[in-house]
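Novice: To start, I am sharing the structure in question, which I have written as structure tokens.
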Amino acid sequence: MSPGRIGVAVFVALVVLGPLFLPEGLITMLNYTGLYGLVAVGLALVTGIGGMTSFGQAAFVGIGAYATAYLSTAAGWSPWAALAVGIAVTCLTALLLGALTLRLAGHYLPLSTIAWGLSLYFLAGNMEFLGGHSGISNVPVVQFAGFAFDNPRKFSYLIWAFVLLAIWLLRNLLASREGRAIRCLKGGKVMAESMGVNIPRSKIIVFVISALLAAVSGWLYAHLQRFVNPTPFGLNYGIEYLFMAVIGGAGYVWGALLGAGIITVIREWLTDVLPGLLGQSGSFEVIFLAILTIVLLQRAPDGLWPFIAGRFSAKEGTKRSRGQVEAQASPLAKRSAAASGTLLLEVKEATKRFGGLVAVGGVSLEVKAGEILALLGPNGAGKSTMFNLISGVLPSTSGSVSFLGKPIDGLRAHHIAKLGMSRTFQHVKLLPNLSVLENVAIGGHLRGNAGIGRSALHLERAEEASLLAEASRQLDRVGLGQLKHVAAGGLSLGDQRILEIARALCADPSLLLLDEPAAGLRLKEKEALAALLKKLRAEGMGVLLVEHDMDFVMGLVDRIVVMEFGQKIAEGLPHEIQQNPAVLEAYLGSVE
């Protein structure tokens, strides 16, 4: 058994046996660690993994608490029915708030979470039917199958059943196709959309899941305390939840739970010790916790979990053995290849303006199946902008772009990817903490269909095995098979570029866009890449590439388009381009 599994087994044994022999004070801390941990785990998903900072999770805790408190006291509903209503209300609220705020970028998103967190807090405190600031008392005891959770020891089992269930579901989710899409939200959005990931959808999913975990925590809190008022759902608690996730390790599910435990224990200890040391009472523990948080963030910006779990946690949710994957896998369906000579891409007078700057001005080109077209030009010629117009990363100002006979102007990148276009990037875009295998599997996102529910319940195993087996096959195809389980961030720049090609091929495209694929490669690697591209051309794939290595280009491509200052200055066969006066003048006799 691995050290990680042993650690989980010991922890589960503690929460199962702890309520039987721990003193009341430790039972209280154990219960509140679980309650806070549920919220912190949701924050790890939305902030640490999803990259969206939220200070408003306490408001969702309040929705869950008030829903059950009101319905179970004023309306006489059972706590379980009230839980269902609380989850539904939270889901609708999160969908509405997410639609309004998740499109915001930079500091505007966390500021907006502060705004609606404060709004919901004051709303609860000023509504008479919710008891105002006095709250709601006499919340009933939770019962299940005739068993009453009527004291903290018994209630501990209910709390930790939800916590462990949440961790199991989230770890399953993060180890899936949907989980890879979620991991792309932090630093990989442009790449992910080009691979077919619907980024707005993934953002909403992450936001709603984190809100639902907070609401469940509120439901548990209300029935543990049997009393609810607005105080525990204010902005200060929202900030504290975020501190818990960050201190433990916001990028790790177990790390967030660790942070909740550390803050809970230290705060309780300081509350008991500091009044005696300082000779007066007060909220001095807040000051000490703030100082501790600052020190920890300086010394361990990624949280404490990486130090405790080491390499195991760095690969959380991503570990698969090659033998298991390939033994269970069945091949993925492939799209029908276009007949050689079929027009794949047609660009007519494409123009892109950024204010007064014309980055691309009226450029036309076309790529056919079974053809390699090179797009050349000096730095600043507009080649990468052209790639972004074609792949949907940027909208064009005017002109038209068609793929397989369909206009794709205005389509988002993930819609274009679904049609059969895949690409690499001038500046490599990878998820450095994931394995090489899982980075390539992102390219196969559209070749699977398991959703959030199936992924969380681990019912997508057959599809996941097929996706990883396809990723493995593409890595073997490009010569990186021996590096499948290495962290992608540890590869050389040349290997990272080859990895991007494997990821693009995993999408089973009809048209491949390669932005400087040979940059950083050694001679033998370039020769292997050229051989691969020639094989793809023979299979009927169209390839559009940007490259600076003229020796590599001239012996490989069928036609060349040359750009300068956003304009097309030449088009023709390789030997024609080499003798073109406009090209020679643009390059001053050499190609960079």
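Novice: Please state, rounded to one decimal and in Å, the Kirkwood hydrodynamic radius that the chain gives when every pair of distinct Cα atoms enters the mean of 1/r.
Specialist: 26.5
Novice: Let me ask something else. Which log10 I(q)/I(0) values, to two decimals, does segment 140-212 give at q = 0.19 Å⁻¹ under the Debye formula with one point per Cα?
Specialist: The Cα Debye sum returns log10 ratios of -0.79.
Novice: Provide Rg over Rh for segment 336-480; use the alpha carbon set for both Rg and the Kirkwood Rh (inverse mean inverse pair distance).
Specialist: Radius of gyration over Kirkwood radius for segment 336-480 works out to 1.02.
Novice: What nm value, rounded to one decimal, do you get for the distance between Phe144 and Ala13 when each label is placed 7 Å out toward the C-beta?
Specialist: Computed distance between label sites Phe144 and Ala13 equals 2.3 nm.
Novice: Still on this structure, I have one more. Taking the Cα centre of the chain as the origin and placing charges on Cβ (Lys, Arg +1; Asp, Glu -1), which of Trp77, Ser422, His133 is farthest toward the positive end of the dipole?
Specialist: Projecting each Cα onto the dipole axis, the largest value belongs to Trp77.
Novice: Let me ask another. To the nearest 10 degrees, how steeply does helix 253-278 sit against the main Cα axis of the chain, on a 0 to 90 scale?
Specialist: 40
Novice: What's the whole-number percent of alpha carbon pairs in segment 501-592 lying beyond 23 angstrom?
Specialist: Value for segment 501-592: 27 percent of Cα pairs lie more than 23 Å apart.
Novice: Take each of the peptides 214-223, 254-263, 554-563, 329-338, average the number of other beta-carbon atoms within 10 Å over its residues, and list them starting from the highest.
Specialist: By packing density, highest mean first, the sequence is 214-223, 254-263, 554-563, 329-338.
Novice: Give me the base-10 log of I(q)/I(0) for segment 422-578 at each q in 0.09, 0.15 Å⁻¹, Debye formula, one uniform scatterer per Cα, rounded to two decimals.
Specialist: So the normalised log intensities are -0.33, -0.82.
Novice: Just the number, please: percent antiparallel of the DSSP beta bridges in the chain, rounded to the nearest 5.
Specialist: Taking every DSSP beta bridge with both residues in the chain, the antiparallel ones total about 60 percent.
Novice: Please get the size of the charge dipole for the chain, origin at its Cα centre, with Cβ charges of +1 on Lys and Arg and -1 on Asp and Glu, quoted in debye to the nearest 20.
Specialist: 860
Novice: In degrees from 0 to 90, rounded to the nearest 10, what is the angle of the helix 108-125 Cα long axis to the longest principal axis of the chain?
Specialist: 30
Novice: Please compute the Kirkwood hydrodynamic radius of segment 395-514 from all pairs of different C-alpha atoms, in Å with one decimal.
Specialist: Evaluated on segment 395-514, it is 15.4 Å.
Novice: Would you calculate the separation in nanometres between label points at Arg103 and Ser398, each defined as 7 Å from the Cα along the Cα-to-beta-carbon direction?
Specialist: Taking the two extended label points, one gets 2.7 nm.
Novice: Could you please report the charge total around Val347, scoring K, R as +1 and D, E as -1 over all other residues with beta-carbon less than 15 angstrom from its beta-carbon?
Specialist: Counting the neighbours of Val347, the net charge comes to +2.
Bear in mind that the values in this text are calculations on the coordinates, not laboratory data. All values reported here derive from a predicted model rather than from experimental measurement. With ideal geometry, Cβ positions are generated from the backbone for all residues, glycine too; neighbour counts draw on all protein chains shown.
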